Each structure stands twice: as structure tokens, then as C-alpha cells.
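> Questions regarding the structure given below will be posed in turn.
The values are calculated or read from the model by the stated rules, or taken from the named source; none is laboratory data. For clarity, every value in this text was computed on a predicted model and none was experimentally measured. Note: ideal-geometry Cβ built from the backbone for every residue, glycine included; neighbour counts use all protein chains shown. In case anyone asks, the SASA skips ligands and DNA or RNA and just uses the protein heavy atoms, side chains included. Shrake-Rupley method; radii C 1.70, N 1.55, O 1.52, S 1.80 Å.
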Amino acid sequence: MARGGITQPLVEDARKRLLARNVHPSIDAIRAELGNTGSKTTISNHLKAIEARESTRLDDEALLSSHVTDLVGQLARQLRQDAQETIEQAEQRQQAEVAGLQEALTAQTAETRQHQAQNTVLAQARDDLQAEALGLREALSKLEGDNRAQAQRIESVTEQVQDKQRQVNSLEEKHNHARQALEHYRGSVKEQREQDQRRHEQQVQQVQEEQRHLQQALAVKRDEQTQATREISRLFTEVTEVRKQSDRLTQQLGERERENRRLADKTVRLEQQVVALRQRKAAFEKQQRVNDQLKAKVQQLETELSVKNELLDRLSAGNNSDEVNRVS
């Protein structure tokens, strides 16, 4: 069904609804409240009639003096100016605090990232040293095995030398027995004794030659054992130094982890401050909305004051006209 024309009661109802929401009842606001229908001229005429009718119902307020009217206007202007200054100062303080916290948070984040990078490098160095220490331990274990093998070989050579020495002693003992027998049979078996002696000397020389070779081999093995012992000592010293470095790196890593925890706690506190500032900002925005409503109310009072001034002017003009007519 088609909508009828915009009547004065419709305009009056829309005006009341806007005033109840603390919204200034301008022509555009009333037209929007009516669903963007109706002519602005018609709405303006109805609005003027409504304001004029309400102005005629003023009792003592219509008789306010110009001094009181000026005082109310000055009070409204001062109130609006104070509210605006308070809002601007609060906004400046809020922006400064937020900027300072954001800078601190940015610096703290950069410092945390730097410490994390340093921790990564230290952890990698520690892992490398541990791997190197493991390699050195394996090399040390291998050298100890080689040393045990060398000791077994030296022991075997020593047993061979001792066996040869026993053979030499046995031959010497046989030689002594043969020499004693030759003394008894010198005359008859002289040549045989000389042959036996020569064979014995050859055997002794061979045994002594073998003994010298075995002693030289033993000396070489002892040199190899000494060198292996020195290598083991050197490796043990390097392993000890690597362990010390690993302990230092572990200690540094622990200190870095404690520093990271301290920085994380500080970051949490900064984030809590940011949340508190956001809450303060929300409260400030709420207060700003209250100030906006107060401004709207002041504007409404100024509008009503303007209407009352116009009514006073009309009443004054009407009184002056009546006095002129009476005088005439």
C-alpha cells in the first residue's frame, strides 16, 4: 500500500525519537528517521510549527532575561571548549604512551632474536666439539688397542729371546761337558774336539746373531710403544681440553637460556602493559562517546536557547506593537 504524505504528527514523533537518543533533530535527521521520504520543505514547515507550538507553552523560561541567556550560552561554550581540550590532551598522552611501548617492544623483540641467534651458534659449536671429542675418544680407544697388541707382540718376542737364551745356556752347558770329556780324551780325540768346538762356536755365533736381531726388534717395539704412549698422552690432553671447552659452552648456553627467560618475562610484562593501555584507550573512547553525547546535548540546549531567543524577540516585537497601537 502506498504511503501517505508527511504529516505534522509523523514529524513530531520522529523528532521525539531523535531527542530520546540525544540526536539533534535536524531536517535531514528527521527525514532519515521517516525512511528518507517526504519533502524537506514540508518537514521544515512542520518542524517550525512544532517548535512554535512548544515555544508558546513556555512559562517562566520564556521570560528569561538576556543576561541569563548570555550566561547559559557562555557556559555552554566554555563547557564545550574544556571538553575538547581534555579530549585532545588525553589523546596526546595516549599516543605518546603507545608509541613508547611499541618502541620498547620492538627493541626487546630485536634483542631476543639476537640472543636466539647467538644461542644457535653456541649450540652448534658445542655439538661440533662433542663430535670432535667423540672422534678423539674413538682414536684413543683404537690407540690403546694397538698398544695392547704391541705389548703382546713385545711379550712374544721377549719369550723368544728368553727361549734362545735358554738354548745358549744349554749349549754352553753342553760345551762345558764336551770340554771336560775332551780333557780326558785329548790325546785320542783332539781333532774331533776341535771340530766340535768350531761347530759350537758357529752355533754360538748364530745364536748371538739371532739374539742381537731379537734385541734390535725389541728396541724398535719399545720405541713404538713409547711413541704410542706419547700419542695417547697427547690425545688425553686434547680430550681434556675439549671437555673443558664443552663445559664452558654448556655454562654459556645455560646463561643464555636464563637471559632468554628473563627477556621472555620482560616481553610478557610489556604485552600486559599494552593490554592495559588498550583497556585505558577503550575507557577513553567510552568517555569520548560520553563527551560526544554531552556535546550533542549542549548543541540541543543551544538550539533550544536559539528558539527561545527568537520567541523572546517575537514577544518583544509583539509587546512593542501593542504599546504603539495603544499610544495611537
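> Taking the stretch 122-151 as the region of interest, how many residues are open to solvent by less than 40 Å² (accessible area, probe 1.4 Å), among the aliphatic types (A, V, I, L, M) and under 36 Å from the mean Cα position of the chain (by Cα)?
5
> May I ask you to list the residues in the stretch 30-60 that are modelled with pLDDT under 85 and exposed (fewer than 13 other Cβ atoms within 10 Å of the Cβ)?
Arg53, Thr56, Arg57, Asp59, Asp60, listed by residue number.
> For the stretch 1-15, which residues satisfy the criterion of being surrounded by 12 or more Cβ atoms within 10 Å (Cβ to Cβ) and assigned to a helix (DSSP H, G or I)?
Scanning the stretch 1-15 gives Gln8, Leu10, Val11, Glu12, Asp13, Ala14, Arg15.
> Can you say whether Thr229 is of a type outside the set (A, V, I, L, M), in a helix (DSSP H, G or I), within 17 Å of Leu105 (Cβ to Cβ) and open to solvent by less than 100 Å² (accessible area, probe 1.4 Å), as far as the supplied structure shows?
Judged against the criteria, Thr229 is not a match.
> Residues being under 31 Å from the mean Cα position of the chain (by Cα) and of a type in the set (Asp, Glu): count how many of those fall in the stretch 226-254.
The qualifying residues number 1.
> Right, another one. Out of the residues in the stretch 271-328 that are of a type in the set (A, V, I, L, M), open to solvent by 50 Å² or more (accessible area, probe 1.4 Å) and modelled with pLDDT under 85, state the one that is nearest to the chain's Cα centre (by Cα).
In this case the residue turns out to be Val290.
> I would also like to ask the following. Could you please give the count of residues in the stretch 107-121 that are polar (S, T, N, Q) and open to solvent by 40 Å² or more (accessible area, probe 1.4 Å)?
Number of matching residues: 5.
> Could we say that Gln205 is assigned to a helix (DSSP H, G or I) and either in contact (Cβ under 8 Å) with a residue 24 or more places away in the chain or more than 30 Å from Asp163 (Cβ to Cβ) (or both) here?
no
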